[in-house]
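The values are calculated or read from the model by the stated rules, or taken from the named source; none is laboratory data. Computed from a predicted structure; not experimentally measured. All Cβ positions, glycine included, derive from the backbone under ideal geometry; neighbour counts span all protein chains shown.
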Amino acid sequence: MRTLETDYLVVGAGASGMAFTDTLIDESDADVVMVDRRTNPGGHWNDAYPFVRLHQPSAVYGKRLGNDEIDEVGPNAGFYERATGAEIRGYYRRVLDEELLASGQVRFFGMSNYIGPDGGRHRFESRLTGETTEVQVRRRVVDATYVESSIPATHTPPFDVDADVRLVTPNELVDLTDPADGFTVIGAGKTAMDTCGWLLDHGVPPAEIRWIRPRDPWIHQRRHMQTLELVPSLMEWISLWMEAAANAEDVPDFFRRLEASGVAVPLDPEIEPETWRGAILSKDERDDLHRIRNVIRKGHVQRLSSDRIVLDDGTVPTDPQHVHVDCTAHGLKTPPARPVFGPDRITLQYIIFPIPFSAAITAYVEATRDDDAEKNRLCPPNPVTGDAENFIRYTLISLRSRAAWREEPDMEECLQHCRIGFVQGIGDHLDDPRVQDALERIEEHREPAIANLERLRELATPSPS
Ligand SMILES: Cc1cc2nc3c(=O)[nH]c(=O)nc-3n(C[C@H](O)[C@H](O)[C@H](O)COP(=O)(O)OP(=O)(O)OC[C@H]3O[C@@H](n4cnc5c(N)ncnc54)[C@H](O)[C@@H]3O)c2cc1C
């Protein structure tokens, strides 16, 4: 058996493991061993459907991803470029080869399954040879798999499927050879939105698309989710979000205010959303999706057979030539929150959107602080459960974290210059009247927002009687 010694064993080389390691070696001289069962870094992006793109600008996902250009043509015109899945995969391979491995501080073991601890040492096994490697870890194990993504290409549909049904993943959709007798897209998340948009873009008439959406989502508008030169619109958005949080009388009123100010909008303007997962759409994309009028809201699919679809609250007909697209994988997993800095490991979780930013902050805190209680104070987990009311909790924890970071001059400095934080570039726009107004509104509402959200959170989750 091979044996290794290292400071950090990072399990998982997806966006979180990569961002953590990238920042850790920038901030320290630590030695790192990375293990992933896939051959390449980048996690779920390696199996993503071919028409996937980042929701947000590339600049807010990878430290060196993209060229910071604003698109001039196409559906994203006027907004910062958004990387395709292929660009994200290429990016992580480049970061691994040219930065992490080239630093001499990192060793990467792909095609390797982490097995677990064994008497103070950790083991992983090659998926090709079965060879076991034992690792002695001097500092920490970093679990970058805890919020591992679940995607249609690799999950099992959560409903029964008869043998003669045409059910495909979004990945398989692009390989269809026999024309379909209509399409049914199952799921209400970003993958389903992308799939419906792709079908429309490829000439499928809206009347031939049926969309099963058990619960409708809130979405954010792309015009707000910008950075660098367009950061004033983001600052306005943050300030309106905070104003809504400070003034909301109750939970429904919070969402009414978010909608009225455009901070969050329903996917379908006529249906009150029940979920929030942070999906971002442009106005044109949302209008386009609204052309699909055959939306089935009868709960989740239980069984798919050749002539009907059985749902929680009813049945709808289908036929063997009809193509069903499974977009039901959860995307973001939401296991119970646990302390990021535990006695035996660092567990990477959402602290703030997006996950690479959370992982980079975690690495910075690990490299610059000694005490675990202090590290956990600065990095409280902030899970995204998918329920709309979770947006209250998420907002509260984000505001508290930001308040704590503001008290730490080095962190404030690091956050302002961190390329994957949304507010990068703000320092160049302090004389912009929109930014000044936004900063005043933020200052005025920050403390009242925290106090009011505490109250709203109680209303949203009444204590059991
Ligand atoms: C389709 C889709 C689109 C998305 N789009 C966006 C977006 O536009 N913007 C955004 O901010 N977020 C987006 N997300 C959220 C996304 O989850 C994160 O951006 C991020 O990619 C998640 O990275 P991760 O490292 O946490 O998980 P993963 O990408 O799942 O990586 C976990 C890694 O751990 C490895 N692993 C697991 N167990 C073991 C083991 N025992 N041994 C060895 N290796 C193991 C896996 O092989 C995997 O490579 C999207 C998610 C999905 C599913």
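Of the residues screened, Y80 is not one that is closer than 20 Å to I346 by Cα and more than 16 Å from the chain's Cα centre (by Cα). The residue that is surrounded by the fewest Cβ atoms within 10 Å (Cβ to Cβ), among those in the range 26-36 that are outside any strand (DSSP E or B) and more than 10 Å from the ligand (Cβ to nearest atom), is D29.
Would you confirm whether or not the range 5-14 contains a residue that is over 28 Å from L228 (Cβ atoms), within 8 Å of the ligand (Cβ to nearest atom) and in contact (Cβ under 8 Å) with a residue 24 or more places away in the chain? Yes: one or more hits.
When the residues of the range 214-258 are filtered to those that are among the charged types (D, E, K, R), surrounded by fewer than 23 Cβ atoms within 10 Å (Cβ to Cβ) and in contact with a Leu (Cβ under 8 Å, 6 or more places away or on another chain), the one that is farthest from D326 (Cα to Cα) is D250.
Spot the failing condition for P433; the list is (1) under 21 Å from A246 (Cα atoms); (2) free of Cβ contacts under 8 Å to residues at least 12 places away in the same chain; (3) not charged (D, E, K, R), and only one is missed. The failed condition is (1).
If the condition is being in a loop (DSSP other than H, G, I, E, B), more than 9 Å from the ligand (Cβ to nearest atom) and modelled with pLDDT of 95 or more, then the range 129-156 contributes T129, G130, E131. For the range 203-228, the set of residues classified as in a loop (DSSP other than H, G, I, E, B), out of contact with any Pro (no Cβ under 6 Å at 6 or more places or on another chain) and away from the ligand (no atom under 16 Å from the Cβ) consists of G203, V204, P205, R213, P214, R215, R223, listed by residue number. How many residues are assigned to a helix (DSSP H, G or I) and surrounded by fewer than 19 Cβ atoms within 10 Å (Cβ to Cβ) when one looks only at the range 90-111? Count: 9.
Would you please name the residue that is nearest to V204 (Cα to Cα), looking only at residues in the range 273-304 that are small (G, A, S) and crowded, with 16+ Cβ neighbours inside 10 Å? My answer is S282. Please find, within the range 46-73, the residue that is nearest to the ligand (Cβ to nearest atom) out of those that are assigned to a helix (DSSP H, G or I) and crowded, with 24+ Cβ neighbours inside 10 Å. Once the filter is applied, the top-ranked residue is V60. Right, V95: among the β-branched types (V, I, T), in the same structural domain as D47 (by TED's automatic domain parsing) and modelled with pLDDT of 95 or more or not? Here the answer is yes, as V95 does meet what is asked. Checking the structure you have, find out if any residue of the range 5-13 is part of a loop (DSSP other than H, G, I, E, B), surrounded by 15 or more Cβ atoms within 10 Å (Cβ to Cβ) and charged (D, E, K, R). No, because not a single residue in the range 5-13 is part of a loop (DSSP other than H, G, I, E, B), surrounded by 15 or more Cβ atoms within 10 Å (Cβ to Cβ) and charged (D, E, K, R). Here the condition is being surrounded by fewer than 19 Cβ atoms within 10 Å (Cβ to Cβ), more than 14 Å from the ligand (Cβ to nearest atom) and part of a strand (DSSP E or B); of L200, L176, L167, it holds for L167 alone. Do any residues in the range 110-130 that are not assigned by TED's automatic domain parsing to the domain that holds D7 have Cβ atoms under 7 Å from those of residues that are assigned to a loop (DSSP other than H, G, I, E, B) and among the β-branched types (V, I, T), where the two are at least six apart or on different chains, and which pairs are they? Within 7 Å, no pair qualifies. Listed by position, the strands (runs of 3 or more DSSP E) inside the range 247-360 whose residues that are under 25 Å from L173 (Cβ atoms) and within 16 Å of the ligand (Cβ to nearest atom) number at least 1 are 275-281, 323-326. The listed residues are T23, T39, T84, and the only one of them that is surrounded by 21 or more Cβ atoms within 10 Å (Cβ to Cβ), of a type in the set (S, T, N, Q) and either over 30 Å from V137 (Cβ atoms) or within 16 Å of the ligand (Cβ to nearest atom) (or both) turns out to be T23. Please tell me if D326 is in contact (Cβ under 8 Å) with a residue 60 or more places away in the chain and over 22 Å from G189 (Cβ atoms). So D326 does not fit the description; no. The set of residues in the range 424-441 being within 19 Å of S398 (Cα to Cα) and crowded, with 18+ Cβ neighbours inside 10 Å consists of Q424, I426, A438, R441. Reported count of residues in the range 409-423, each being over 16 Å from S398 (Cβ atoms) and in contact (Cβ under 8 Å) with a residue 12 or more places away in the chain, is 3.
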